Amino acid sequence: IAILFLILSIIFLMPIYWMVVSSFRPQGELFTQTVNLAPTGLSLDNYVRLFEEQPYAQWFINSITQSVGFALLTVARCTTAGYALAKYRFRGNNVIFYGVLISQMIPFHLLIVSLFVIIIQLSLKETYWGAVIPLAASPVGLFFMRVYCVSLSDEMLDSARVDGASEYRIFWSIALPNLKPGLATMVILVALEYWNNLLWPLIVFLDKNNMPLAVGLAGIVNQYRVSYDLLLAGSALATVPIIILFIFLRRQFM
């Protein structure tokens, strides 16, 4: 079994290795009849040109800022809604919950026009808020946090009520500390989701300086010329934050 997983890991890592090695090569050497996987003839010219010809540093900052903002907003929405649906009994509780889940069946492409009209009317075009807010109401995130909130002990919450704690105090002082593993996992998942998101930021942003990495790198590919050398260099750098995130938060990933 160990040998099988070793072979699979090599297969999965090979494209990443090729991307990193090729990012140090000029474009003329990328398309040859033989595939050269040996790290020879490497140069930093692609990375230098990437930062000189494109606002890559700004794209990087935009991606980090928007991903963190999206993660915090999504987790705040889903946690409060999930806690309310899991721990409070009121008329229409299940109807609301299943209604939100059913909305996940609607393809996002059908919502693009209406969402675009809304952000235009709210003057959110070309803003970080316009890119983040429409996506932050996640049915999957609500489902995830509701299931996690169900695991909280009702006796513990009732004991706090008997001691005179308000509902807000119970949520902040008792519920949230016990939800930390779920919150950490949720932050990681939604941050990665936005980091790789292309469609909605592509619609919201036209100014190059406002674009996140995914949109900026897609802009390097055009119908007249594809700068594969710059694209590979930018893609290699874009994987670095994800690798660092996994190293430090691998327990939550598992």
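The values are calculated or read from the model by the stated rules, or taken from the named source; none is laboratory data. Here the structure is a predicted model, which means the values were calculated and not measured. Glycine also receives a Cβ, built like all others from the backbone with ideal geometry; neighbour counts cover every protein chain displayed. Please note that ligands, DNA and RNA were not included when accessible areas were found on the heavy atoms of the full protein model with its side chains. Shrake-Rupley method; radii C 1.70, N 1.55, O 1.52, S 1.80 Å.
What the table below lists for this structure:
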{"read-out": "Accessible-area composition of the chain, carbon plus sulfur, in percent [1.4 Å probe]", "value": "70"}
{"read-out": "Debye, to nearest 20: dipole size of region 135-254, +1 on Lys, Arg Cβ, -1 on Asp, Glu Cβ", "value": "340"}
{"read-out": "Inter-site label distance for ILE244 and TYR88 at 7 Å from Cα along Cβ, in nm", "value": "4.0"}
{"read-out": "Extension reserve of the TRP18-ARG49 stretch, reckoned as 0.36 nm per residue once the Cα distance is removed", "value": "9.2 nm"}
{"read-out": "Debye intensity ratio I(q)/I(0), log10, region 1-101, q values 0.11, 0.15, 0.17, 0.22 Å⁻¹ (C-alpha model)", "value": "-0.71, -0.85, -0.92, -1.12"}
{"read-out": "Cross-link reach list, lysines versus LYS87, counting only Cα pairs under 24 Å and skipping chain neighbours closer than eight places", "value": "LYS180"}
{"read-out": "Along principal axes, Cα extents of the chain, largest first, whole Å", "value": "73, 55, 30"}
{"read-out": "Cα-based reach from LYS208 at 28 Å (exclusive), listing lysines while leaving out same-chain residues under 8 positions away", "value": "LYS125"}
{"read-out": "FRET efficiency, 1/(1 + (r/R0)^6) with R0 41 Å, evaluated for VAL162 and HIS109 via beta carbons", "value": "0.20"}
{"read-out": "Whole-Å distance, taken between Cα centres, linking region 201-217 and region 90-153", "value": "22"}
{"read-out": "For the chain: accessible area per residue (Å², 1.4 Å)", "value": "61"}
